2 protein chains.
Amino acid sequence: MAFTFQINTDVEFIHDENLLKKAEENKPVIQTRKVFPVCIAELVKDETQLNGITAKQSKKDLSQLPSYGWKRDDRLILDFGDHMVGKFEIDIDQTGSPMDAPLYLRIKFAEVPSELEAESRDYNGWLSRSWIQEEFVHFDQLPAKLFLPRRYSFRYVELKIIDTSPKWQAVFSNPTVTTETSADSSSFKPLCLKDEKLQKIYNVGIKTLADCMQDVFEDGPKRDRRLWLGDLRLQALADYASFDNTALVKRCLYLFAGMTTKEGKISANVFVQPKNIPDDTFLFEYSLFFISVLYDLHQAHPDENLVRELYPIAKKQIDLSLQMFDKDGKLIPDEDYPVFVDWSNEFNKDTAGQAEMIYVLKQFIFLAETIREADINFYREKLTLISRYARENLYRSERKLFVTGNEEFNIASQVWMVLAGVMSPEENREIMQTTIREMFPITGIATPYMYHHIVEALFQAGLKDDAVTLMKNYWGKMIDLGADTFWEAFDPNQPDYSPYGSPIVNSYCHAWSCTPVYLIKKYLTE
Amino acid sequence: MAFTFQINTDVEFIHDENLLKKAEENKPVIQTRKVFPVCIAELVKDETQLNGITAKQSKKDLSQLPSYGWKRDDRLILDFGDHMVGKFEIDIDQTGSPMDAPLYLRIKFAEVPSELEAESRDYNGWLSRSWIQEEFVHFDQLPAKLFLPRRYSFRYVELKIIDTSPKWQAVFSNPTVTTETSADSSSFKPLCLKDEKLQKIYNVGIKTLADCMQDVFEDGPKRDRRLWLGDLRLQALADYASFDNTALVKRCLYLFAGMTTKEGKISANVFVQPKNIPDDTFLFEYSLFFISVLYDLHQAHPDENLVRELYPIAKKQIDLSLQMFDKDGKLIPDEDYPVFVDWSNEFNKDTAGQAEMIYVLKQFIFLAETIREADINFYREKLTLISRYARENLYRSERKLFVTGNEEFNIASQVWMVLAGVMSPEENREIMQTTIREMFPITGIATPYMYHHIVEALFQAGLKDDAVTLMKNYWGKMIDLGADTFWEAFDPNQPDYSPYGSPIVNSYCHAWSCTPVYLIKKYLTE
């Protein structure tokens, strides 16, 4: 998720068994479903599609699959028709002379067709090669059933015959996927929208969210399958607007709350397999977003007991972060506890970080009021101080923009200051209008995570049409390029961009990209 | 085994359930044993060793294995100290930050060090790539035990880390092999020889035989694991001279006898997994060698009932082959039922094939006499005719050599005519002396199978010293090059020669190479 690996193996963590027990009690039921391919596919060039490649139906007929023999270097591509998260199985036999050598198969799982064109051996990015969804399997005897025990994220399955022998061919039948999700579609009625494009965006958003809903809200089911706090915040908002699986949000909150550092800091992410493990990565606002998730949950489903139970952990995050502000209310960045805002490290994040603190501090004060915090005034004063610093020292009224670092004006500063509500509604509108005028079309931003905040800031600033236009131009363009689910990374100015140098480790179904589900529901239907 | 693939899928086979039941009753017990590596190894260049590579003990200490962390592209080579046939397991854990990506491992099994240097992707030979002993395995969670269910043939195991992540390393412990063989070493006393070189050759031969003794006499435990009749003949001779597992020979005879073609022809080889299947490959003298195996078994352990039971199948082979001789007693070759003699197709095999018929016909007549065959004179007359043709038309007395084809004089013709005892002992001696003078050092022969027959012909011709010298120069040279077991193919003139273009599919433990066990016992100790 982040470009910079943090290694903090000396950090000591506590495990609060009481809270972790509650995380366990809120463990979801994984729903399974059998799915069969819709056709045999083949790859064709198509410059209108992602990486210039699409999959079209082959002349080979799926219903005749058991009649085809496959020899050395043959490739069978099965198209399951939509994005799948689950386990794959297929029956394998042989035809021709007796089997005088093992069958050696490569099985690739691809979310998008271009993954099938990329060769693993050519991948040399910084992200682990172990994420490439590719297996190699020998069969000494046939017939046999190939059941792969790992879970994959894909629409296409390619079976490539590395070898049989010149004397016989492999035969395949009964390809089946057993999908897995903790999203319960049976009790959820999707929105019906008049705008066809928005309806498509909404539908793909729902599919993206559902496929990321597993034992926890996963970052992406293909890769980096753990629970990240910043992503959880957006997934939870989309969840309230759709499946409304509250237990899963609670489970995730308990997991973060139950495994802080000794000093009380929350990790940016946790693992739940083979046991509950907090990661040694820490991000300034990801820790703070624990408060946002608790606040948003309380807004969606008021639960004062839960707020009371988790309040001490929420307060600890605020207290730790307040130590990073000087007496004037200015954020002093700490590179060991970096402000994330976006993947890109090409812009200064100080002002955005300052705004994120204000955004969360307001939510915290609401929670503090709910449980009648004795020191409430302390936090109110801090909010005033930090907000005043932003208004008086970071806002350039002549430009109608917030400045950051060394007289830098970037989009993240404006967006987060608007979301934090630092200025008046009229000023927010001016800020976002200036942003559109001076910084659109957007450049240098490749994450739906940051685009989400831009769109929401436009809505908050009352610029509904601009918000809808941006949503259509961004998430809509992914659909135009062939997306079945929304992607971890997408720069509309360079659609083939991969932060890893190859599509095979890109995550094409990624939690933080599902937010049109929330944005459409909140700003276009309510 | 053969360079030419035969595809005869239209051949109809019978399954004689009575005979196959007896094959089942003679199924051996597979003995298992736990073996642990002797050291961590690393590859070094050494021009005196096969392919210029050897393995030496690493500075890394095997006893400290659990303390080492292994990261992307690291290679751990475990040396088990001798050739192994069996299954491999190892415990895997991780050290460093939490496991934020799967572990992706490549595991290679190598009989000789140079296999570890060869890259599978570079292999493009005619033999199936599926024989390359290489697996790729993902672990989503650690700790875990890697237990590979397939059986491998190897001395070295290489674990290469394709990837972890920059945040953690893999840790290995408890590497273990469970070996498999049906050779019972407990009741067998190896020979003690004064000649150190011969003792080494004998020991490596015993190891080769033992590692090929599995559920049947396998061709090679690494590759082509089925039962070939021509190889069975040599293995059985070596077996009587060592482990003396008679039941295993009987089992193999019953398997061939129980699955002939409708017309009664025996396949060159059979499969026993997933069920008993005769292959659709047929070789002239391999079918005939059914008689040789039965004859040799009856010599080693007289069993008239067994001879009587299998005699009809033996007779069928002779009758079918006799149809290939013209009225003068000359073999008329049939390319659909080729004479094998040796892998090489660079020499004419007609005279060798004629000699093989005489060799087997003599054994058949012995068996026919044993069971009091009514038509015995018919076969005696055929033997006379075919032998006379050889003596009168194929022997060039002025050269003291047999001719073949278009006035070609090759070593195979001499060797098989001597083994067949077509000429007098004095003439045989002259023939082999001429052979030594005119055809040694041997060129164009790369199989221990053919070398075996050359050595035995020298012994039979009374040229014991020459036989021993050739055995030392051939099998001894494999040992000098680092052999733990004898190889399927070896040309001392070009030690790095592979019939497949790469050591990774060579079989370095191959049944037909174990015969010094038999030759030494029979000709040097009795």
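Here are some notes:
- Order of A:R233, B:R388, B:R72 - criterion: other Cβ atoms within 10 Å of each residue's Cβ, fewest first: B:R388, B:R72, A:R233
- For B:128-141, mean number of other protein chain Cβ atoms within 10 Å: 6
- In this structure the amide hydrogen of A:Q214, modeled in the peptide plane, comes within under 5 Å of the amide hydrogens of A:S182, none closer than 5 places in sequence on its chain.
- Across the identical copies, how the A:E438 labels are spaced - nm, sorted shortest first, 7 Å along Cα→Cβ: 10.1
- About its Cα centre, the dipole of chain A is roughly 980 debye, where the only charges are +1 on Lys and Arg Cβ and -1 on Asp and Glu Cβ.
- Rounded, prolate or oblate (a/c below 1.5 giving rounded, otherwise prolate when a/b exceeds b/c) for region B:210-356 by Cα gyration tensor: prolate
- Remark: label point of B:Q57 defined 7 Å out from Cα along the Cα-Cβ vector; separations to the same position in other copies 6.7 nm, ascending.
- Its Kirkwood hydrodynamic radius, worked out from the mean inverse distance over all distinct Cα pairs, puts region A:415-525 at 14.5 Å.
- Chain B: Cα Rg divided by the 2.2 N^0.38 Å rule of thumb: 1.04
- Residue order, fewest to most beta carbons within 10 Å, for A:K315, B:K59, A:K21: B:K59, A:K21, A:K315
- Note on B:Q273 and B:S67: with the Förster distance fixed at 41 Å, the Cβ-Cβ geometry gives a FRET efficiency of about 0.50.
- Taken residue by residue and averaged, Cβ atoms of other chains lying within 10 Å of the Cβ of A:145-152 number 1.
- If the segment from A:M324 to A:D140 were pulled out straight at 0.36 nm per residue, it would be longer than the present Cα-Cα gap by 60.0 nm.
- Magnitude of the charge dipole, the protein assembly as shown, Cβ model with Lys/Arg +1 and Asp/Glu -1, debye to 20: 1120
- Per-residue extension of 0.36 nm, minus the Cα-Cα distance of B:T384 and B:K45, leaves a gain of 116.3 nm for this segment.
- Taken along its principal axes, the alpha carbon cloud of the protein assembly as shown reaches lengths of 118, 58, 46 Å, longest axis first.
- Sites matching trypsin sites (Lys or Arg not before Pro) across region A:178-221 that sit in DSSP coil, with at most 15 neighbouring C-beta atoms within 10 Å: A:K194
- Fewest-first ranking of A:V44, A:V307, using other Cβ atoms within 10 Å as the exposure measure: A:V44, A:V307
- Hydrodynamic radius (Kirkwood) for region B:1-70, which is based on Cα pairs only, to one decimal in Å: 18.7
- Relative packing of peptides B:322-330, B:234-242, A:505-513 - highest average C-beta neighbours within 10 Å first: A:505-513, B:234-242, B:322-330
- Distances between copies at A:D336, taken between label points 7 Å from Cα along the C-beta direction, are 8.3 nm in increasing order.
- Potential lengthening between A:D74 and A:I371 on full extension [0.36 nm per residue; Cα-Cα distance subtracted]: 100.4 nm
- Rg(Cα) / (2.2 N^0.38 Å) computed for region B:328-375, rounded to two decimals: 1.43
- The mean sequence distance of close C-alpha pairs (under 8 Å, at least 6 residues apart), as a share of the length of region A:34-181, puts its relative contact order at 41 percent.
- Value of relative contact order over chain A, rounded to a whole percent, pairs C-alpha under 8 Å and six or more apart: 19
- 222 nm mean residue ellipticity, helices alone, for chain A (DSSP H n ≥ 4; -39,500 (n - 2.57); rounded to 500): -11500 deg cm²/dmol
- Span-like helix check, chain B: qualifying full DSSP H segments, with Cα axial length of 18 Å or more and mean Kyte-Doolittle of 0.5 or more, are B:284-300.
- Identity and axial distance of the chain A residue whose Cβ lies nearest the axis relating A to B, Å: A:F136, 2
- Spherically averaged projected area of the convex hull of Cα atoms, region B:33-179: 9.1 nm².
Each value in this text was obtained by applying a stated rule to the coordinates, not by laboratory testing. Just so you know, these numbers come straight off a predicted model, no measurement behind them. FYI the Cβ positions are ideal-geometry reconstructions off the backbone, even for glycines, and counts take in every protein chain you see.
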